[in-house]
1. Pop out the ³J(HN,Hα) list for segment 13-21 in order, Karplus 6.51 cos²θ - 1.76 cosθ + 1.60 with θ = phi - 60°, rounded to Hz; leave Gly and Pro as x.
2. Stretch LEU65-ASP5 to full length: gain in nm at 0.36 nm per residue minus the Cα-Cα span?
3. Using Cα pairs under 8 angstrom and six or more residues apart, how large is the relative contact order of segment 19-58, in percent?
4. Give the distance, in whole Å, between the Cα centre of segment 3-19 and the Cα centre of segment 22-64.
5. What nm value, rounded to one decimal, do you get for the distance between GLU17 and THR54 when each label is placed 7 Å out toward the C-beta?
6. Once you order the gyration tensor axes a ≥ b ≥ c over the Cα atoms, which shape class does segment 16-65 get: rounded for a/c under 1.5, otherwise prolate or oblate by comparing a/b with b/c?
7. For segment 52-62, take each phi angle, set θ = phi - 60°, evaluate the Karplus expression 6.51 cos²θ - 1.76 cosθ + 1.60, and give the result in whole Hz per residue in order, putting x for glycine and proline.
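Read-outs: derived from the displayed coordinates by stated rules, not from any lab. Quick caveat: nothing in here was measured; it's all calculated off a predicted structure. Reconstructed Cβ throughout: ideal geometry from the backbone, glycine too, with neighbour counts over all protein chains shown.
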Amino acid sequence: MSQYDGMTVNERLGTAELFEAWDAAVRAKDRMRMITLLQSVDMTADQAASTTDTVLSDPAFYGYLEGEAGPPRVPGDGVPKLDTE
């Protein structure tokens, strides 16, 4: 059992203090870095790749605009929980 079970992506990144690294990777469109960060919070390779590709397909939808910081970070901010069990 992982310490991240039942957490959203944002909750996982927040717990691991990886928001700044995640935001930088998204802004840089660094797919491999994004996947690595998500795997570091116990997402599978498939989950990490799917989440990464979803964010990169429409960064503005997730609050990433040119020259701006990432989206607000609050629990239950609309990011669905992952079924990791």
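1. 5, x, 4, 8, 6, 10, 4, 4, 5
2. Taking LEU65 through ASP5 to full extension adds about 18.6 nm, to one decimal.
3. Reported relative contact order: 38 percent.
4. 13
5. Simple spin-label model gives 2.8 nm for this pair.
6. It is oblate, given that a/c is not under 1.5 and a/b is not larger than b/c.
7. Once θ is set to phi - 60°, the couplings for segment 52-62 become 4, 5, 5, 5, 5, 6, 7, x, 5, 4, 8 Hz.
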